[in-house]
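Notes to accompany the following structure.
The values are calculated or read from the model by the stated rules, or taken from the named source; none is laboratory data. Treat the numbers as computed from the prediction; the structure is a model and nothing was measured. For accessibility, only protein heavy atoms count, side chains too; no ligands or nucleic acids. Shrake-Rupley method; radii C 1.70, N 1.55, O 1.52, S 1.80 Å.
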Amino acid sequence: MESVILKTATRLMVGLMLVFAVYLLLRGHHEPGGGFSAALVTGTAFALFAITEGPGRLRQAIRIRPEIISATGLTLGAGSGLPALVMGKPYLTGAWWSFNTLALGTPMIFDMGVFLAVLGAILAVLLALEEN
């Protein structure tokens, strides 16, 4: 039995949860949060979506296989330590580049890698459970 109230609330909640996950991801290396927390919130949003819409619609929404998402995250996370090696510093030492008022650093790249690796794992487990 489909619930119109649940489907309507899910549309609102998934959007809010994804915006909150972006907030957690972006503030992660300065304050509590980061890639892991953002991935858990995103995974929860996708779980809610899968419960109301079904795993087929979730696969259509993400468009990329969870294994590829995880592999991309692992590569990004491992690769974030390479700039430090190039600069003659220990692996995973933070490196920062400034572009006018914008500063980009390897900790943010690492957080994105953690986000993708954890999210891919959550999606793989979620879809395996939902489809069986």
Order Arg27, Arg59 by their accessible area, 1.4 angstrom probe, all chains in place, largest first.
Arg59, Arg27
Taking θ as phi - 60°, what are the ³J(HN,Hα) couplings along segment 90-99 by the Karplus curve (6.51, -1.76, 1.60), each to the nearest whole Hz, with x for Gly and Pro?
x, 3, 6, 6, x, 10, 10, 10, 10, 10
List the residue ranges in the chain for DSSP H helices whose C-alpha atoms run 15 angstrom or more along the long axis and whose Kyte-Doolittle average is 0.5 or above.
4-27, 35-53, 66-79, 106-131
Would you mind telling me the share, in percent, of accessible area of the chain contributed by carbon and sulfur at probe 1.4 angstrom?
70
Taking only protein heavy atoms and a 1.4 Å probe, what accessible area per residue, in Å², does the chain have with all protein chains in place?
62
Mind checking which of Leu16, Leu58, Leu119 has the largest fluctuation in a GNM of the chain, springs on alpha carbons under 10 Å?
Leu16
Could you give the length gained by full extension between Thr75 and Thr93, i.e. 0.36 nm per residue of separation minus their alpha carbon distance, to one decimal place?
4.8 nm
I need the semi-axes of the equivalent ellipsoid of the chain: take the C-alpha gyration tensor, multiply each eigenvalue by 5, square-root it, list largest first in whole angstrom.
33, 17, 10
Roughly how far apart, in whole Å, are the Cα centres of segment 101-115 and segment 32-95?
12
